[in-house]
Each structure stands twice: as structure tokens, then as C-alpha cells.
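All of the numbers you see were taken from the coordinates with simple rules; none came from a lab. None of the values given here were measured: they were computed from a predicted structure. Methodologically, a virtual Cβ is constructed for each residue, glycine included, from the backbone with ideal geometry; neighbour enumeration extends over all protein chains shown.
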Amino acid sequence: MGYAIAAYFVTAAALVAYGAALARENARHRSTVVQKAHRSSNTG
Amino acid sequence: MTPMTKPFSQTKDDSAHTTNGGLSPLEQQATRWRQPFGWLLVVITLVYAWAVFQAPLDHTQGVIQKILYVHPPLAYGAYLGFVITAIGGLLYLWRGREDCDRLAISGAEVGVLFCTLMLVTGPIWARGTWGRWWSWDPRLTVTLLLWFVYLAYLLLRSFSGPGPRTARFAAIYGVIGLVLIPLNYYVIEIFDNRSMHPDNLERGSLGDGMGWPFLLGNLCLGFAFIYLVLLRWEVEARRVFQQRQEALEEPDT
């Protein structure tokens, strides 16, 4: 029982952690682009 | 001084994606497709969890046999990731499109993740049934080799920096690495069934009531795979775009 639970737990944890890390990085890049666009519209 | 090779930032499709955060039209379309996939994934995951819980117990192995509903789907995801790497690489070589190169990187990274999880769940299953974590069995050995080949691809991409030469080399490498997939799939038959690893699954080889959970496992992990590849592709496009923007803003030295 423990082995089966471990296999599912490791898979779920790894996929969720990887997805969350990608989502965070994506959000960071998006916000940087928005900030730069905002800054250039203010100065331009 | 004129650079010997054309900078990656001046290649064919780098022209006018600046208003879209660096995403090519294909990548924008992929981003739009990603959202519904996410919701579908949540629903399928719940159904999958219920199906695995309800699946009948195997008479010989007991509960540990339920690893069947996660281990082969991870293998199919890994294969698919490396096939995407090869297709992306070939399209890059043929059309010179950077978005295809970025797709190749995404396929390799998610493929390596799935391959890693296959190499983790397999030994867990082996420990419970064979009594040991690892055996230098043909299937396991070729799988480990496949993992090393595409891990090396990712290391190549992260350490050699951007550029058309790296992209071309990586594309060829990704295509050649694909040879290991049919070898890995048929290695049990090649070794005349002397492998400890069970034979490849065939239609009707699963017990009663095990087909649906297995199908749902493939659907769930397939959707997770597609979602992660699309997200990774978008991240790569935005990361490259941001790097170029920063390079343009830096004063000349």
C-alpha cells in the first residue's frame, strides 16, 4: 500500500511543483513587460 | 567588428512580436489553447483519482499493481516529449523558425521530467514486487540511457547560450536521440523476453475493470503533459524576449 501511495504522491508533487514554478516565472516575465510598457508610455 | 555568425536576435522570425511579449503567432495560439486544457485537466484528475481508487485489486500483486495506472502513462509522456523535441528541431532546421526551436526545448524539459518520474515510480514498483529497487535489465538500462541523452540536451541548451549554431546542433542531437525510443520500446522482444520487466501492454492484456483506470491515467497525464509543454513554451518565448529587451537597453561598451 505504502509503495503505491508513494508513487502517486511523488508524481503529483513533482508535476504540481513544476507547473507552479513555470506559472510563477511566466507571471514574472509578463509583469516585467507590462512595467516596461507603462514606463515607456510615461516617458514617451 | 562584424560577428562571424548572425546573432540569434536577428534571425527570420524575430521581427515584430514585440507587442505580444515576444510570442510568435503560433505561440499566441498555444497560449490561448492552454487555458481550457487547464480546466479539463482538473476535471480529468478528479475522475482519474476516483477510478484508481475504485479499480479492482490484482490477485498476485495486490495494491502495488495500481502503479500501473501512472507508470506507463509517464513513459508515453516522456516519449512524446522527445518526439516533440525532434519535430521542433527538424522544423527549425527546415524553416529556421525560432519558435520551433523553443518548442523543442519545452518538449525536452517536460519529457525529461516525465522520464525522471518514470524512473522513480518504476523502482518503487520493483521494490515491492521484485524485492529490489533496480536491476540492470535491458528495458531499465535503455530507459536510463534515454534519460541521460535528453538530460545532456538540456545541459547543452543551458550552458552553451543562445545562438543559431547551438540551436542547429541541438536539433540534430535531438533527432538522433530519438533512435532510442523504438529501441526502448522493443528491447524486451529484442532480448527474447529474458527481461525482468513485464512485456509491453497489448489490447486485452489488462484484467477486468483495469482498462478504464488505465485509459484515464493516460488521458490525465497526457493532458498534464500538453499543459506543461504549452506553459513551458510560453515561458521560453517570454524569457528570450526579455533577455533581448535588456540587451537592447544596455549601453554600448
Query raised in the report: Can you give the angle from 0 to 90° between the axis of helix B:164-177 and the longest principal axis of chain B, with both taken from C-alpha atoms, to the nearest 10?
Result: 20
Query - Alpha carbon convex hull of region B:101-253, projected area averaged over orientations, nm² - result: 11.7
Report summary line: Least to most buried among B:Asp99, B:Asp199, by other C-beta atoms within 10 Å and fewest first, runs B:Asp199, B:Asp99
Query - Residue-averaged beta-carbon neighbours from other chains (10 angstrom radius) around B:117-126 - result: 4
**Report entry** Angle in degrees between helix B:211-249 and the longest Cα principal axis of chain B, rounded to the nearest 10
**Finding:** 20
Requested in this report: May I ask which residue of B:Met196, B:Trp212, B:Leu228 lies farthest towards the positive end of the charge dipole of region B:176-253, with charges of +1 (Lys, Arg) and -1 (Asp, Glu) on Cβ and the Cα centre as origin?
Outcome: B:Trp212
Query raised in the report: At what distance in nm do the modelled label points of A:Ala23 and A:Ile5 sit from each other, each positioned 7 Å from its Cα along Cα→Cβ?
Result: 2.6
Query raised in the report: At B:Gln35 and B:Tyr186, where each label point lies 7 Å from the Cα along Cα→Cβ, what is the point-to-point distance in nanometres?
Result: 4.5
Query - Debye, to nearest 20: dipole size of the protein assembly as shown, +1 on Lys, Arg Cβ, -1 on Asp, Glu Cβ - result: 480
**Report entry** Spin-label zone in region B:180-222 - amide nitrogen under 17 Å from a point set 7 Å from the Cα of B:Arg132 along the C-beta vector
**Finding:** B:194-198
**Report entry** Contour excess over end-to-end distance, with Cα ends at B:Leu46 and B:Arg239 and 0.36 nm allotted per residue
**Finding:** 66.2 nm
Query raised in the report: How well do other chains shield peptide B:222-233, expressed as the mean number of their Cβ atoms within 10 Å of each residue Cβ?
Result: 2
Query raised in the report: Taking the Cα centre of chain B as the origin, how large is its charge dipole in debye, to the nearest 20, when only Lys and Arg (+1) and Asp and Glu (-1) carry charge on their Cβ atoms?
Result: 80
Requested in this report: Going by C-beta contacts inside 10 Å, put B:Leu231, B:Leu146, B:Leu26 in order with the fewest on the left.
Outcome: B:Leu26, B:Leu231, B:Leu146
Query raised in the report: Under Stokes-Einstein, with the Kirkwood radius over Cα pairs standing in for Rh, what whole-number D in µm²/s applies to the protein assembly as shown at 4 °C and 1.567 mPa s?
Result: 62
Query raised in the report: Where is the GNM fluctuation largest for chain B (alpha-carbon springs, 10 angstrom cutoff): B:Arg32, B:Arg139, B:Arg168?
Result: B:Arg32
Query raised in the report: So what's the gap between the Cα centers of region B:138-197 and region B:61-100, to the nearest angstrom?
Result: 11
Query - Proxy reagent accessibility, fewest Cβ within 10 Å first, across B:Phe241, B:Phe169, B:Phe114 - result: B:Phe169, B:Phe241, B:Phe114
